[in-house]
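Here the structure comes first, spelled out in structure tokens, and everything after it is commentary.
The values are calculated or read from the model by the stated rules, or taken from the named source; none is laboratory data. Keep in mind that what you see is a predicted model, and the values were worked out from it rather than measured. No Cβ is skipped: glycine too gets one built from the backbone with ideal geometry, and neighbour counts run over all protein chains shown.
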Amino acid sequence: MAKIKLTKTELKAQTDALKRFQRFLPMLQLKKQQLQSEIAGIAAKAEAVGAKERAARAELSAWVGLFATDENLVAGLVQVKRVNTGSANIAGVAIPTFESIETAVKDIDLWATPAWVDDAVKATTGILALQCERAVYEEQKRLVTIELQTTSQRVNLFEKVKIPECKEAIRLIKIALGDEQTSAVTRGKIAKGRTPKEDAE
């Protein structure tokens, strides 16, 4: 704890600081709980998208034998050009939200390729969209987790450092001011007790 002045002005400053910390602490604790809840929600959404992606891949496994017939045809068949995102706010944290993807499909000769290629493009695009959506959820989680760490540090700072320091400073200042007041009263009594004869001496 930094050195404090044992004065009434310092007592008021420490009392005001204590009130401020005690007022902000519940808000920080509430924010911490909200962030923890949001992280759990984001993780659940990411897992749900991951489950959809796994299911889509399982359905796609039926195509694997067809893909093997012409690997050059399916290699790089669909590529993500752009991920379109929006933005939202969670407890003061700006996060991206998934909207859609833009893809580029490899030029293919529709007359020279099998009919299943169109279905393969659609299935692959769906899987890529799910991968991108999951990536956006992972980014949301990362950003909210950073804010949670910062908020947790502030809660700990207030609970374990600032509030106890203020309370201790107030206690020490009150003791010092009480001692000073007692000394002043004692000096006053001594001064009153002196006789005019003693003053003359």
Next item on the list: Please work out which one of (1) modelled with pLDDT of 90 or more; (2) part of a loop (DSSP other than H, G, I, E, B) is the condition residue 87 fails and give its number.
Entry: (2)
Next item on the list: Could you grab the pairs with beta carbons closer than 7 Å, sequence gap of 6+ or different chains, first residue in segment 122-139 and under 12 Å from residue 98 (Cβ atoms), second one charged (D, E, K, R)?
Entry: 130/52; 130/53; 131/53; 134/53; 137/45
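Yes/no per residue for (1) modelled with pLDDT of 95 or more; (2) within 30 Å of residue 174 (Cα to Cα); (3) surrounded by 13 or more Cβ atoms within 10 Å (Cβ to Cβ); (4) not polar (S, T, N, Q):
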{"position": "5", "(1), (2), (3), (4)": "no, yes, yes, yes"}
{"position": "19", "(1), (2), (3), (4)": "yes, yes, no, yes"}
{"position": "25", "(1), (2), (3), (4)": "yes, yes, yes, yes"}
{"position": "52", "(1), (2), (3), (4)": "yes, no, yes, yes"}
